[in-house]
Amino acid sequence: MTRYIKFVVSRLFGTLVDTIILWLFSNYIFSSYFGVYIISPAISFEVAMFSNYCFSYFWIWHMRLETKGPKSFFIRLLYFNISSIGGFGIKMGCLLLFEWLFSLDVVYCNLLALLISGLANYFLADLMVFRKSPYIKKIKDHILTDNVQADILNEEKLIEN
């Protein structure tokens, strides 16, 4: 439950970042329709996604990370970005569905859609992006890897102790 609360807090911060970046770019950088309605939201989405990723990597799921470093960071960032785009698609699909079903104002439809897409984003991050590696299994103090020779040496050290 604590992990989900951290997730919600980080996403609220991400929403604030998204809104501020969108406002800055649409009011001070771009003036064309394409710049305001296409480029500005894309940039604000990516900046907020990166903010959310940093919270996820360093605060929410940091204890799950068996390897840390630039390679791990950037590979997970790629998966996180893809899952975030998927979550955005879920949100838009739900928003349009709720508008079609209930004829509610877009703000209410968006809030309902955010509840569903928020859960989807949490489970995508939890089960895919920050899952424990299937290639490394920890048994007590012993780490099993794909390297059989290293496993044999580790077993011999455990027997000696």
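What to note about this one:
To keep it simple, each residue is scored yes or no on (1) in contact with a His (Cβ under 6 Å, 6 or more places away or on another chain); (2) closer than 27 Å to A48 by Cβ; (3) in the same structural domain as F58 (by TED's automatic domain parsing); (4) at pLDDT 85 or above.
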{"residue": "I75", "(1), (2), (3), (4)": "no, yes, yes, yes"}
{"residue": "S83", "(1), (2), (3), (4)": "no, yes, yes, yes"}
{"residue": "I90", "(1), (2), (3), (4)": "no, yes, yes, yes"}
{"residue": "D105", "(1), (2), (3), (4)": "no, yes, yes, no"}
{"residue": "N110", "(1), (2), (3), (4)": "no, yes, yes, no"}
{"residue": "S117", "(1), (2), (3), (4)": "no, yes, yes, yes"}
{"residue": "D146", "(1), (2), (3), (4)": "no, no, no, no"}
{"residue": "N161", "(1), (2), (3), (4)": "no, no, no, no"}
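- Here the condition is being part of a helix (DSSP H, G or I) and under 21 Å from V47 (Cβ atoms); of L115, L95, L111, L124, it holds for L124 alone.
- Residue count for the range 1-25 satisfying the condition of being within 19 Å of Y122 (Cα to Cα) and touching a Gly at 6+ places or on another chain (Cβ under 9 Å): 3.
- Only one entry of F30, F13 meets the criterion of being assigned by TED's automatic domain parsing to the domain that holds Y122 and over 20 Å from Y53 (Cβ atoms), and that entry is F30.
- S56 being polar (S, T, N, Q), surrounded by 14 or more Cβ atoms within 10 Å (Cβ to Cβ) and modelled with pLDDT under 90: no
- Across the range 67-77, the qualifying residues are those that are of a type outside the set (V, I, T) and under 13 Å from V129 (Cα atoms), and the one among them that is surrounded by the fewest Cβ atoms within 10 Å (Cβ to Cβ) is F74.
- Among residues of the range 4-46, those that are surrounded by fewer than 16 Cβ atoms within 10 Å (Cβ to Cβ) and part of a helix (DSSP H, G or I), counted: 25
The values are calculated or read from the model by the stated rules, or taken from the named source; none is laboratory data. Please read all numbers here as calculations on a predicted model, not as lab measurements. Neighbour counts run over all protein chains shown; Cβ positions are idealised from the backbone, glycine included.
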